[in-house]
Amino acid sequence: MLDTSKLTPVNHHLIFAYYSWFVENGSKIHLTVNGERLPDNNFLQRYRNELNRIAVSVGTNAVRDFIVDNHGVSFDATFSGTHRTVYLPINAIEAITGWFPGQDESPVRIILPELPDTENKDAVPEEKPTKSRPRLKVVK
């Protein structure tokens with residue numbers, strides 16, 4: 001008999017797979033995040049709705065360096081003119097949604113299995129905005 005207590009969570013695999021599929025097909029992509037599972041110092045807290053949910057646009061036109069691992073999702077984005085590196089714990093992400101071109105009325109929404117609060121949410125370092133955009137220089 002399979003001991004399911006030793007299985008790794010599937011959420012990060014689902015996020016990565018659906019994100020890749022949505023990108024390949026030119027979709028607009030959002031993650032639905034449970035604001036109660038974010039660290040208190042996470043700047044996204046201010047965007048919570050009345051249900052403590054946050055919709056974060058993560059399409060290729062909205063973010064750079066999108067990375068998914070066992071513990072969370074991170075990416076770089078600009079919010080109100082300020083560049084930020086964002087980290088979302090994997091147990092805070094509830095769903096991934098994609099809108100295919102020409103299909104704005106019928107998105108594909110994948111609801112992820114709920115994960116327990118296994119990590120101390122205050123252990124994640126505070127996100128700090130960068131002062132300026134990186135600049136390239138020609139070196140001869």
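Structural remarks
- Answer residue from segment 1-17, given it is touching a residue at least 12 places away in the same chain (Cβ under 8 Å) and aliphatic (A, V, I, L, M) and is nearest to GLU114 (Cα to Cα) among those: VAL10
- If you go through segment 21-39 and keep only what is more than 17 Å from VAL86 (Cα to Cα) and either among the hydrophobic types (A, V, I, L, M, F, W, C) or within 13 Å of the chain's Cα centre (by Cα) (or both), you end up with TRP21, PHE22, VAL23.
- Conditions (1) within 18 Å of TYR47 (Cα to Cα); (2) touching a Pro at 6+ places or on another chain (Cβ under 6 Å): number failed by THR85: (2)
- Enumeration of residues in segment 19-40 that are of a type in the set (A, V, I, L, M, F, W, C) and crowded, with 18+ Cβ neighbours inside 10 Å: PHE22, ILE29, LEU31, VAL33, LEU38
- Complete set of residues in segment 106-116 that are within 18 Å of TYR19 (Cα to Cα) and part of a loop (DSSP other than H, G, I, E, B): SER106, PRO107, LEU112, PRO113
- All positions within segment 50-60 that are touching a strand residue (DSSP E or B) at 6+ places or on another chain (Cβ under 8 Å) and free of Cβ contacts under 8 Å to residues at least 24 places away in the same chain: ASN52, ILE54
- Residue match in segment 40-47 (condition: at pLDDT 95 or above and either aliphatic (A, V, I, L, M) or under 14 Å from the mean Cα position of the chain (by Cα) (or both)): no
- Tallying residues that are hydrophobic (A, V, I, L, M, F, W, C) and in contact with a helix residue (DSSP H, G or I) (Cβ under 9 Å, 6 or more places away or on another chain) within segment 52-90 yields 11.
- Contacts under 6 angstrom Cβ, first residue in segment 18-36 being closer than 18 Å to GLY102 by Cα and of a type in the set (Phe, Trp, Tyr), partner outside any helix (DSSP H, G or I) and modelled with pLDDT of 95 or more, 6 or more apart: PHE22/ILE29; PHE22/GLY98
- Residue within segment 68-75 that is surrounded by fewer than 18 Cβ atoms within 10 Å (Cβ to Cβ), modelled with pLDDT of 95 or more and in contact with a strand residue (DSSP E or B) (Cβ under 8 Å, 6 or more places away or on another chain) present: yes
The values are calculated or read from the model by the stated rules, or taken from the named source; none is laboratory data. Computed from a prediction, not measured in an experiment: that's the story for all the values here. Here the Cβ is made from the backbone with ideal geometry for all residues, glycine too, and neighbour counts use every protein chain on show.
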